[in-house]
Amino acid sequence: VVFTQHSPRPPTDYLMAVLFETSLGDVVIDVYVDETPLAAKNFLKLVKSKYYNQCEFFNVQRDYLIQSGDPTNTGRGGESMYGQVYGPQARYFQDEVRPHLKHTRRGLVAMANSGPNRNTSQFYITTGDRLPERDGLHTIFGEVSEGMDVVMKINDVLTNDDGLPLQIVRIRHTAVLDDPFEDPPGLEIPPESPPPKPIASDDLRIEADADLNEYEGLDEEQVEEIIAEKKAESSAEVLVSLGDLPDKDVAPPDHVLFVCKLNPATLSEDLELIFSRFGTIRSCEVIRDRKTNDSLQYAFIEFSSAKEAENAYFKMDNVLIDDRRIHVDFSQSVAKHGITNFGSFSGTFSGKRGRLVTKGIERQRGGGNTKYDLIMDDEVDGRQQQQQQQQQQ
């Protein structure tokens, strides 16, 4: 094999291998132990002590590089093997920049540092063909010998504007396939990998290798129930953010109805009179604009029991009041007094809803003396047909 200035690989006699098992597959890295002994020893011993296990690829710059090696997964942490063994004064180790080792192709492994001679544990793998701006600033200490397809999978993951993957890609397990260096006194080698750190509550990302088929083995009804629960929880979180719910787990009242699509002329006492046939009404209020006092064409009706509200829901949805077909649903507001925000959700009751229509008689606005009769839809349809025949005659 002939090595040119565009191929920085040292002779194979000087390579030692490391295996990374990542969320997206296995990667084997050959380490230049003779060319860069400080970086090579640091890398091999950190792998051996399972320091990199559970570290994320927290910085992915597509077609440029992928970065890992920080247990805090922030880019601000990490400690070298020398610092672990010899104390804080040895946290950093020197650069080993070699003129013939340049960023000329994909798959090169180099130390990420915060300045000259400030190397710790963080490293990156190149995913771009040429990165000349990094030459002379970073120690290239190895290369990917197997699993470059996995590296490019990581390169292609979706990220936010800071390069943080939207799915968590981490180093699950590591193994040293060959290590020529003796272990320094004080190097701790745990018997097993550390567990992943808990994901922050505000971190909505999922593991890249998570099983997304959570519905496997469930029948259609169970799947629909889970989906409905998730939708309800999502709606509750929105209402919490809007201030309508104090907590997403709070239950809305089952004895309060939400009525909308009202005629602007319909008054609170009108609705109370109509709905009182279903039970005792504690309160009934058509919501009005605070400045103009105009009706906002929706209302809340509170019954004394859930059964009464249920009966009204069945009978009054789609009923004609003041020439408007109203919509009745169960309120999701949990405010006890002075309701200013509202939300609604589809009722879970089954059965045929009533098809009653209200007809206003002798309306006397302002006197609270309105009277209503209840007639069936087919009666209305018959009258409309009769009127049409009379017009044709």
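A compact table of results
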{"read-out": "Matching residues, region 78-95, being in a loop (DSSP other than H, G, I, E, B) and open to solvent by less than 10 Å² (accessible area, probe 1.4 Å)", "value": "80"}
{"read-out": "Residues being open to solvent by 30 Å² or more (accessible area, probe 1.4 Å), among the polar types (S, T, N, Q) and part of a loop (DSSP other than H, G, I, E, B) - total across region 257-291", "value": "2"}
{"read-out": "Residue within region 96-112 that is over 32 Å from the mean Cα position of the chain (by Cα), among the hydrophobic types (A, V, I, L, M, F, W, C) and surrounded by fewer than 20 Cβ atoms within 10 Å (Cβ to Cβ) present", "value": "yes"}
{"read-out": "Unmet criterion (only one of (1) of a type outside the set (Ser, Thr, Tyr); (2) under 24 Å from residue 181 (Cα atoms); (3) modelled with pLDDT of 95 or more; (4) in a strand (DSSP E or B)) for residue 38", "value": "(4)"}
{"read-out": "Residues within region 75-127 that are of a type in the set (Gly, Ala, Ser) and either within 16 Å of residue 31 (Cα to Cα) or out of contact with any strand residue (DSSP E or B) (no Cβ under 9 Å at 6 or more places or on another chain) (or both), tallied", "value": "7"}
{"read-out": "Hits in region 56-69 (condition: in a loop (DSSP other than H, G, I, E, B) and more than 22 Å from residue 186 (Cβ to Cβ))", "value": "57, 58, 62, 63, 64"}
{"read-out": "Unique residue being touching a Cys at 6+ places or on another chain (Cβ under 8 Å), closer than 18 Å to residue 23 by Cα and among the β-branched types (Val, Ile, Thr) when the list is 171, 154", "value": "171"}
{"read-out": "Residues of region 18-27 classified as within 15 Å of residue 153 (Cβ to Cβ), among the aliphatic types (A, V, I, L, M) and either in a strand (DSSP E or B) or in contact with a Leu (Cβ under 7 Å, 6 or more places away or on another chain) (or both), total", "value": "1"}
{"read-out": "Residues within region 36-58 that are open to solvent by 40 Å² or more (accessible area, probe 1.4 Å) and in contact with a Phe, Trp or Tyr (Cβ under 9 Å, 6 or more places away or on another chain), tallied", "value": "3"}
{"read-out": "Any pair with Cβ under 9 angstrom, 6 or more apart, that starts in region 275-304 at a residue that is without any contact (Cβ under 8 Å) to a residue 60 or more places away in the chain and ends at one that is part of a loop (DSSP other than H, G, I, E, B) and among the aromatic types (Phe, Trp, Tyr)", "value": "287/342; 298/342; 300/342"}
{"read-out": "Qualifying residue in region 320-332 (condition: open to solvent by less than 80 Å² (accessible area, probe 1.4 Å), farther than 22 Å from residue 232 by Cα, aliphatic (A, V, I, L, M) and assigned to a helix (DSSP H, G or I))", "value": "no"}
{"read-out": "Residues that are among the basic types (Lys, Arg) and under 20 Å from residue 45 (Cβ atoms), drawn from region 70-115", "value": "91"}
{"read-out": "Exclusive hit being touching a residue at least 12 places away in the same chain (Cβ under 8 Å), over 30 Å from residue 88 (Cβ atoms) and hydrophobic (A, V, I, L, M, F, W, C), set 150, 223", "value": "150"}
{"read-out": "Segments classed as strands (runs of 3 or more DSSP E), wholly inside region 113-176, with at least 1 members that are open to solvent by 50 Å² or more (accessible area, probe 1.4 Å)", "value": "140-146, 171-176"}
{"read-out": "Subset of region 148-168 (residues that are modelled with pLDDT of 95 or more and closer than 23 Å to residue 46 by Cα)", "value": "148, 150, 151, 154"}
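The values are calculated or read from the model by the stated rules, or taken from the named source; none is laboratory data. The structure displayed is predicted, hence computed values, not measured ones. For neighbour counting, all protein chains shown are included, and Cβ atoms are generated from backbone atoms with ideal geometry for every residue, glycine included. Accessible surface areas use protein heavy atoms only, side chains included; no ligands, DNA or RNA. Shrake-Rupley method; radii C 1.70, N 1.55, O 1.52, S 1.80 Å.
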